[in-house]
2 protein chains.
Amino acid sequence: MVTVAVDAMGGDNAPDEIVKGCLKALGESPEVNILLVGKEEILQEKLSGTDYDGKRMKIVNASEVIETGDSPVASVQKKKDSSLVVGMKLVRNNEADAFVSAGSSGAVLVGGQVIVGRLKGVERAPFATLIPTDSKTGVCLLLDCGANVDARADHLRQFAQMGSIYMEHVVGISNPRVAIVNIGLEEEKGNALVKEAIPLLKDAKNINFTGSIESREIPHNGADVVVCEAFTGNVIIKLYEGVSSFMLHTIKKSMFTDLRSKIGGFLLKPALKKSMQEFDASKYGGAPLLGLKGLVVKTHGNSKSSEICNAILQCMTFKENKINEYISGALENGT
Amino acid sequence: MVTVAVDAMGGDNAPDEIVKGCLKALGESPEVNILLVGKEEILQEKLSGTDYDGKRMKIVNASEVIETGDSPVASVQKKKDSSLVVGMKLVRNNEADAFVSAGSSGAVLVGGQVIVGRLKGVERAPFATLIPTDSKTGVCLLLDCGANVDARADHLRQFAQMGSIYMEHVVGISNPRVAIVNIGLEEEKGNALVKEAIPLLKDAKNINFTGSIESREIPHNGADVVVCEAFTGNVIIKLYEGVSSFMLHTIKKSMFTDLRSKIGGFLLKPALKKSMQEFDASKYGGAPLLGLKGLVVKTHGNSKSSEICNAILQCMTFKENKINEYISGALENGT
C-alpha cells in the first residue's frame, strides 16, 4: 500500500476538485490510501453524502492556507498549521510516502527542500515534467522546469542522472537519451552554463548523453530526457502551452469561415479531439520534485479532479519502482 | 531608391532561390536596386535567359563562400573575398543600404559587428524577429533571438529601446508595450539577469515597459516587444517552430483516421491552409540585426525565394522609415 497526503486547500479549484480527484483515485486503485489535509470542517462537509472508505481516506486537520500571493519562504516558516506544511511533515515523519499539491509552486519548492529534505548527495531538487512529443511513448522528461534558476553546471549533471532514472523506471525507456537544451549543435555554441555543463555530462556515469538539443527538436523526439536550468525549462513548458492553445484557437477559427469549413469541421471534430488529447498535460499528473526523501508532486494551479487523481496514481508508480532508492544509489557517492 | 546587397551564395538553397527572390523583389517594387554578391560566372549563368533590368540589378563578384561549418570569427577574418564579407563591405562603404543573407548566423553576426559596425551608443546588436500572435497586427517582436548569449542587463535595456522603435516605425504600433521574458509575474521572480534588468527597464526613457511576461502569453498578445537574452530568445523562436509543426502533424494524422475524418479534412483544408499561413515565418522576411550602421538581415538557412524577396522589401521599409536615425537619436547619449 502507498499512502499519499493531498493538499486539499491548494490551487484554484480547491477543495472541490481536489476532493473529487481523491475519491476518483481511491476508486481506480485498491493499493492507495489517502490523507486529505485541510480545514476539517469544510472537508467533512464536502465528503458528507459520499460513500468513501474511512479506512482508506482520513482527514488531517490544518487550519491555515498558503495563498498564491504569500512569500514562499515566509509562509512555509510562519504558517505552521497550513495544509502544505502539515502535509509535508507527514512525509518527513514517514506517515505518508508522498505529498500532492496544486498550491503555490514556490511554497511547494521551499517546503520540499526545508521540510521533506533532500536525499544524501542531491544538491538541488528539480521539477521534472513529462511533455508531449511524437515519440513512441509520446513523451519526454523536461527538467528543471521551475525550481532552480541560476543553477550550476554540476546541478545539471545531477538533473540528467535523476531524469534518466525516472524515464527508465517510471516510463520504461531503457538507456534513455539525455540531451542539454542549446542554441545549436556545434561544440562552440551555448551560454557559459551550457559550455561548462557539457563536459560534465559527457563524463557522468550511468547516463546516455547524446549532446545538445535545439528546442525545435524537443517535440520531435530529439531526446528522452531534456536537461536545462529552471529559467529555460519554465519558458519551454509555458511556451508549449501557449503555442498549442494559440494553434488550437486558429484551427477552431478556420472551422467557422464558411459553410464548407463548418461541415468539414463537424466531421473532423471527433478524430481531432482524440488527437488533441495528446497535448493534455493533465494526464501526466503533475511535476515531481526529484531527489527528496519522499515524493512531492506539484500539479497545475487550475488542476481538475482528473489531474489530481493522475498525480496520486503517479505517486504509486514512483514508490513501487523504488525511484528514490535508485537516485540514492546513483548520487550519494558523487558522480 | 534603396540599394540592397544580397548574399547569393548563403543558405541551403543558394544560389537558385536567392536569385529568384531578387527577381521577384525587382518585380514587386520599382524603388529597389539590387547588388547580387557571389561567384560571377555561376550567377551570370543563372540570370541568362531572364529579362532582368541590368540598371537595377548588378552582379558583384566574390570568389569565396563561408560554409555552415566554418568558424564565424575565423571565416570573416580570412575569407575576405567571400560573398558575405564583400556584401557587408558594400554596406560599410555606403554603396548599399542593406545586406541580406541566408548564410551562417554566426558569420552574419560577426561580420555585422566587425565590418558594418555598431551605431554610436549601441553596445550590442540583437537579432530581432517578428513572431505570430493573436494580436490585431498578428505579430510581436522578439529580441534578442540569437546574437548575444550572456548579455548584460543594460544590453536588455537597449534591446527594449531599439525594439520599440522598430515596432512603432516599421509595424506601426504606437507606444508599443514592452515586456521582459520571466518565469512569473511577481516582483521576486526571475534569474539574476532579469532581476537586474527590470529596474533598468522601468527607468528607461521612451519605452512603455509593462513588466514581466510568461512565455505562455507571448502568442496571446501579451506584449508588442518581448525582450530577453539570446539563449532564451533562440529557445523561444525554435520551440515556436517545433510545437507548431508537431501540432500540424498531429492534425494531419487525425485527418486520416477514418472515412468521416477524411471527408471532413478534405472540406476543411482550404480554410485551414489559409489560417496556417499566419504561422509562416517566411512572410516576415528574416531577422534584422538592429543597431548597426546600415542594415543587416538574416533569413532562414532554408529560405525560399519568397522569404528572400520579403527580406529585401523589409529593408526598404526600414530605410524609408529612418529606423537607424531614430535608434541613434535614442541611444547615442545614453539613456
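Computed from the coordinates by the stated procedures, all read-outs in this text should not be read as laboratory data. The model shown is predicted, which means the values in this text are computed figures rather than measured ones. Note that we place each Cβ from the backbone using ideal geometry, even for glycine, and neighbour counts take in every protein chain shown.
Taking each residue in B:182-194, count the Cβ atoms of any other chain within 10 Å of its Cβ, then average. What number comes out? Spell out each step's value before the answer.
Values: counts 4, 12, 5, 0, 5, 0, 4, 4, 3, 9, 3, 3, 2.
The per-residue average across the peptide is 4.
Compute the Rg/Rh shape ratio of the stretch A:259-335: radius of gyration over Kirkwood radius, all on alpha-carbon atoms.
Numbers: Rg = 19.2 Å, Rh = 15.3 Å.
Radius of gyration relative to Kirkwood radius: 1.25.
If you project the alpha carbons of the protein assembly as shown onto the principal axes, what extent comes out on each, in Å, largest first?
Computed over the Cα atoms, the extents are 90, 55, 47 Å.
So how many Å³ per residue does the convex hull of the Cα atoms of the stretch B:128-281 work out to?
Working: hull volume 17.4 nm³, N = 154.
Each residue corresponds to 113 Å³ of Cα convex hull volume.
Considering only the stretch A:128-281, what is the antiparallel percent among its DSSP beta bridges, to the nearest 5?
Numbers: 5 of 16 bridges.
Antiparallel bridges: around 30 percent, rounded to the nearest 5.
If you put a point 7 Å past Cα along the Cβ direction, how far is that point for B:Arg260 from the same point in each other copy, in nm, smallest first?
Sorted ascending, the copy-to-copy spacings read 2.3 nm.
Using a cut-off of 15 Å between beta-carbons, work out the net charge of the residues near A:Glu278 (Lys and Arg +1, Asp and Glu -1, A:Glu278 not included). Numbers along the way, then the final one.
Numbers: positive: A:Lys136, A:Lys273, A:Lys274, A:Lys283, B:Lys252, B:Lys253; negative: A:Asp134, A:Glu241, A:Asp280.
Its environment carries a net charge of +3.
Go through A:Lys24/A:Lys205; A:Lys55/A:Lys238; A:Lys202/A:Lys322; A:Lys78/A:Lys298 and tell me which ones have a Cα-Cα distance over 29 Å in this structure. Walk me through the numbers on the way to the answer.
On the way: A:Lys24/A:Lys205 40 Å; A:Lys55/A:Lys238 39 Å; A:Lys202/A:Lys322 26 Å; A:Lys78/A:Lys298 21 Å.
Those over the limit are A:Lys24/A:Lys205; A:Lys55/A:Lys238.
Checking a compactness column here: for the stretch A:1-137, what do you get for Rg(Cα) / (2.2 N^0.38 Å), N being the number of residues?
1.09
With the cut-off at 1.5 for a/c, could you classify chain B from its C-alpha gyration tensor as rounded, prolate or oblate?
Working: a/c = 1.79, a/b = 1.10, b/c = 1.62.
Oblate is the answer for chain B, as a/c is 1.5 or above yet b/c matches or exceeds a/b.
In nm, one decimal, shortest first: how far is the label point of A:Ser71 (7 Å from Cα along Cα to beta carbon) from the matching points in the other copies?
Sorted ascending, the copy-to-copy spacings read 4.9 nm.
Between copies, how far apart are the A:Gly184 label points? List them in nm, one decimal, shortest first, with each point 7 Å from Cα toward Cβ, please?
With the label placed 7 Å along Cα→Cβ, A:Gly184 yields 3.5 nm.
Could you pull the Rg and Dmax for the stretch B:192-332, using just the Cα atoms, both in Å?
19.7, 64
Which aspartates and glutamates does B:Lys304 reach when only Cα atoms under 19 Å apart count, and residues fewer than 8 places away in its own chain are ignored?
B:Asp7, B:Asp12, B:Asp16, B:Glu17, B:Glu28, B:Glu67, B:Glu241, B:Glu278, B:Asp280
At most 16 other C-beta atoms within 10 Å and a DSSP loop state: those are the exposed GluC sites (Glu not before Pro) I care about. Give me the longest piece of chain A that has none.
Values: sites that count: A:Glu31, A:Glu67, A:Glu95, A:Glu123, A:Glu186, A:Glu187, A:Glu188, A:Glu332.
The longest such stretch corresponds to A:189-331.
With charges only on Cβ, +1 for K and R and -1 for D and E, what is the dipole size of the protein assembly as shown about its Cα centre, in debye, rounded to 20? Provide the component values of the computation, followed by the final result.
Working: 76 positive and 80 negative charges, 177 e Å.
The dipole of the protein assembly as shown has a size of about 840 debye.
Determine how many Å³ per residue the convex hull of the Cα atoms of the stretch A:287-326 encloses.
Working: hull volume 2.1 nm³, N = 40.
Roughly 53 Å³ of hull volume per residue.
Return the whole-Å distance between the Cα centroid of the stretch A:85-101 and the Cα centroid of the stretch B:209-284.
Going from one Cα centre to the other spans 41 Å.
Return the calculated 222 nm mean residue ellipticity for the protein assembly as shown, to the nearest 500 deg cm²/dmol, obtained by summing -39500 (n - 2.57) across DSSP H runs with n ≥ 4 and dividing by the residue count. Each step should come with its number before you reach the end.
On the way: 22 runs with 278 residues, N = 670.
Helix-only estimate at 222 nm: -13000 deg cm²/dmol.
May I ask you to give the average projected area over all directions of the convex hull of the Cα atoms of the stretch B:50-116, in nm² rounded to one decimal?
For the stretch B:50-116, the mean projected area of the Cα convex hull comes to 5.0 nm².
Placing +1 at every Lys and Arg Cβ and -1 at every Asp and Glu Cβ, with all other atoms neutral, what dipole size does the stretch B:128-281 have around its Cα centre, in debye to the nearest 20?
Numbers: 17 positive and 18 negative charges, 170 e Å.
Taking the Cα centre of the stretch B:128-281 as origin, the dipole is about 820 debye.
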